[in-house]
Amino acid sequence: MGEVITGGCLCGGVRYEVSEPFVSANYCHCTRCQRRTGTAASANGRAADGAFRITQGEELVKCWDPGDGGFPKCFCSNCGSALYSKNPETGGDIGVRLGTVDGDPGIRPDKHQFVAYAAVWEPIPDDGLPRYPESSRVAL
């Protein structure tokens, strides 16, 4: 096992750790991610099963359930930082927002998904990564 990955919200009220390296990472260009983050895309790292845990401020974490089969989106109720999403049935399949990681997450996004909904005001960079019009797997 390598270094524990740590992170948290903007106000510092919520802290988490990921005890194993991220399994995968991607950029999501869906409209939901745009509205949730206020940016053109969300960079996400998928945590290994059982590797993610809140270490501080669990009482501050609130989750919004889109109600359409999408994963609940969890955030700090104090500062609004988008932190992660999770499978509502298992509580696993955690998608951590890479912007909340302290330092280097140890992984780089390797694809763009939901590019059919990409923001018209910010072109997707020509970075050579595969592009998927919809989900490449499970939307994080």
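Scanning region 29-40 for residues that are open to solvent by 30 Å² or more (accessible area, probe 1.4 Å) and either outside any loop (DSSP other than H, G, I, E, B) or farther than 19 Å from residue 77 by Cα (or both) gives 31, 32, 34, 35, 36, 37, 39. Residue count for region 56-71 under the criterion of being in contact with a Lys or Arg (Cβ under 8 Å, 6 or more places away or on another chain) and within 14 Å of residue 15 (Cα to Cα): the result is 2.
The residues of region 43-55 that are free of Cβ contacts under 8 Å to residues at least 60 places away in the same chain and out of contact with any Lys or Arg (no Cβ under 6 Å at 6 or more places or on another chain), listed by number, are 47, 48, 49, 50, 51, 52, 53, 54. Of all residues in region 1-28, those satisfying the criterion of being part of a strand (DSSP E or B) and either open to solvent by less than 30 Å² (accessible area, probe 1.4 Å) or farther than 20 Å from residue 58 by Cβ (or both) are 5, 7, 8, 16, 18, 24, 25, 26, 27, 28. Check region 95-104 and report whether any residue there is in contact (Cβ under 8 Å) with a residue 12 or more places away in the chain, more than 13 Å from the chain's Cα centre (by Cα) and farther than 17 Å from residue 4 by Cβ. Looking for residues that are in contact (Cβ under 8 Å) with a residue 12 or more places away in the chain, more than 13 Å from the chain's Cα centre (by Cα) and farther than 17 Å from residue 4 by Cβ, one finds none in region 95-104, hence no. Contact map, region 13-28: residues that are of a type in the set (A, V, I, L, M) paired with residues that are buried (at least 24 other Cβ atoms within 10 Å of the Cβ) and part of a loop (DSSP other than H, G, I, E, B), Cβ distance under 6 Å, separation 6+ or inter-chain. Pairs shown: 18/47.
Criterion first (over 19 Å from residue 37 (Cα atoms), part of a loop (DSSP other than H, G, I, E, B) and modelled with pLDDT of 95 or more) does residue 128 satisfy it? For residue 128, the condition - over 19 Å from residue 37 (Cα atoms), part of a loop (DSSP other than H, G, I, E, B) and modelled with pLDDT of 95 or more - is met. Restricting attention to region 43-86, and to residues there that are assigned to a strand (DSSP E or B), at pLDDT 95 or above and hydroxyl-bearing (Ser, Thr, Tyr), which single residue is least open to solvent (accessible area, probe 1.4 Å)? Only one residue tops the list, namely 84.
The values are calculated or read from the model by the stated rules, or taken from the named source; none is laboratory data. Just so you know, these numbers come straight off a predicted model, no measurement behind them. All Cβ positions, even for glycine, are placed from backbone atoms using ideal geometry, and neighbour counts span all protein chains on display. Accessible surface areas use protein heavy atoms only, side chains included; no ligands, DNA or RNA. Shrake-Rupley method; radii C 1.70, N 1.55, O 1.52, S 1.80 Å.
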